[in-house]
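Worksheet for the structure shown next.
Only the coordinates and a few stated rules stand behind these numbers; no lab work does. Small disclaimer: the values here were computed from a predicted structure and weren't measured. Glycine also receives a Cβ, built like all others from the backbone with ideal geometry; neighbour counts cover every protein chain displayed.
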Amino acid sequence: MTTSMQPELRTQRQDELVARLQAAGYRLTPQRLALVNLLANDDSHPSADQIFARLRAEYPTISLATVYNTLEVLVELGEALTLDLSEGCTRYDVRRPAAHPHVVCRACGRVSDLEVDGLGAFIAEARAASDFGDLQPRIYFDGICPDCTGPSRRPSGP
C-alpha cells in the first residue's frame with residue numbers, strides 16, 4: 001500500500017475516483033488526492049480512523065473531518081461501499097464498490113473480498129422477490145485467515 005501520489009503508482013481506479021470527484025465539483029486538495037490514492041491501492045477495507053492514521057504522518061494538516069467528508073462523498077457517488085462488521089466502526093471498500101461478499105477473520109479482523117459464482121443472479125432474484133426499495137445485499141462470512149491458522153499458530157497434537 002502506498003500513500004504518496006507518485007505518477008508511476010497511479011491506477012485506473014485512482015483515475016476513476018479523481019474524475020468522479022472533479023465531475024461532482026469537489027476540490028482536489030493534496031490531502032484528498034492522498035486519500036484517493038490510498039483507497040485506490042489498498043484492499044484492506046480500512047476504517048476512517050485507520051485511513052486518518054496512515055495519512056497523518058505524510059499530511060500532518062489533514063483532519064479527520066476531511067477523511068469522513070471525502071468517504072461520505074465517495075459513498076454518495078457510488079464509488080465506495082460501506083461495511084458494518086459489528087466492530088463499532090464502518091469500513092470502506094473503494095476498490096470494488098459494487099455489492100459482493102466479504103470474509104472476515106474472527107482472530108485478527110482482516111477483511112477480504114470473496115469471489116462467488118452466481119451471486120449476481122441471486123441478488124437479482126432477491127430484489128425481484130422483495131417489495132423493499134433500494135435493496136442492497138450485505139453478505140459476510142467469518143472464519144480464520146491463513147495468517148492466523150499458519151503452521152506457527154496451529155496447536156501441536158499427537
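Other residues lying with their Cβ under 9 Å from the Cβ of Asp43 contribute a combined charge of -1, Lys and Arg counting +1, Asp and Glu -1. With both residues required to sit in the stretch 1-149, DSSP beta bridges show an antiparallel share near 65%.
Please state the shape class of the stretch 1-94: rounded when a/c is under 1.5, otherwise prolate if a/b exceeds b/c and oblate if not, all from the C-alpha gyration tensor.
Numbers: a/c = 1.38, a/b = 1.19, b/c = 1.17.
It is rounded, given that a/c, with a ≥ b ≥ c, falls under 1.5.
What's the longest bit of the chain with no exposed GluC sites (Glu not before Pro), using DSSP loop states and at most 15 other Cβ atoms within 10 Å as the test? Spell out each step's value before the answer.
Working: sites that count: Glu58, Glu87, Glu115.
Segment 1-57 is the longest.
Only helical runs count toward this figure. For the chain, summing -39,500 (n - 2.57) over DSSP H runs of n ≥ 4 and dividing by all residues gives -11000 deg cm²/dmol at 222 nm. Here each label is just a point 7 Å from Cα along the line to Cβ, and for Arg96 and Leu135 those points are 2.2 nm apart.
Counting only Cα atoms, the stretch 44-107 measures 35, 32, 18 Å along its principal axes, largest extent leading. Once the mean of 1/r is taken over each pair of separate Cα atoms and inverted, the stretch 25-77 shows a Kirkwood hydrodynamic radius of 11.1 Å. Magnitude of the charge dipole for the chain, about its Cα centre and with charges confined to Cβ atoms of Lys, Arg (+1) and Asp, Glu (-1), is about 460 debye. Size of the chain: Rg and Dmax of its alpha carbons, in Å, are 17.8, 65.
In this simple spin-label model, placing a label point 7 Å from the Cα along the Cα-to-Cβ direction at both Gln12 and Glu87 gives a separation of 2.8 nm.
3J(HN,Hα) along the stretch 119-136: 5, x, 5, 4, 5, 4, 5, 5, 5, 5, 7, 9, 9, 7, x, 6, 5, 10 Hz, from the Karplus curve 6.51 cos²θ - 1.76 cosθ + 1.60 with θ = phi - 60°, whole Hz, x for Gly and Pro.
Per residue, the Cα convex hull of the stretch 99-148 amounts to 79 Å³.
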